[in-house]
Amino acid sequence: MDINALVAQNYAAGKAATAPGGDGGNALLGAAQDFMQTMRASENTAMQAMTAGADPHALVQALAQTELAVQTAVTVRDKVVEAYQEILRMPV
C-alpha cells in the first residue's frame, strides 16, 4: 500500500474525533453534566440529612459518589495539564 494513501486514510479516520461538533465534544459535555448532576444530588441529600433527618446511609452513599466524581475530575484535569505541558516541551 502506498504511504500517502495510508496517511490520508488515517487522517480521514481521525478527523471526525477532532471536529468541533464531533462526538468527542458531546462526550466531554455529557461527562461535565453527569458530574454536576452528581454534585447537586449529593448536596440535596446532605441538606435533607441536616434539616429533615434523611437516611444516614443515603448520605454516606452520596458522599462516596461525590468523592469518586471529584477524584475523577481531578485526574482528568491533571492529565489535560500534563498533555499541555508535553505539547509546550515539543521543539518547534
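Does segment 46-74 hold any residues that are hydroxyl-bearing (Ser, Thr, Tyr) and either open to solvent by 80 Å² or more (accessible area, probe 1.4 Å) or in contact with an Asp or Glu (Cβ under 9 Å, 6 or more places away or on another chain) (or both), and which are they?
51, 66
Only residues that are among the β-branched types (Val, Ile, Thr), assigned to a helix (DSSP H, G or I) and open to solvent by 100 Å² or more (accessible area, probe 1.4 Å): list them for segment 78-92, please.
87, the sole residue that qualifies.
Look through segment 1-56, keep the residues that are modelled with pLDDT under 70 and hydroxyl-bearing (Ser, Thr, Tyr), and return whichever of them is nearest to the chain's Cα centre (by Cα).
18
The values are calculated or read from the model by the stated rules, or taken from the named source; none is laboratory data. Computed from a predicted structure; not experimentally measured. All Cβ positions, even for glycine, are placed from backbone atoms using ideal geometry, and neighbour counts span all protein chains on display. Note: accessible area is taken over every heavy atom of the protein model, side chains too, but ligands, DNA and RNA are not part of it. Shrake-Rupley method; radii C 1.70, N 1.55, O 1.52, S 1.80 Å.
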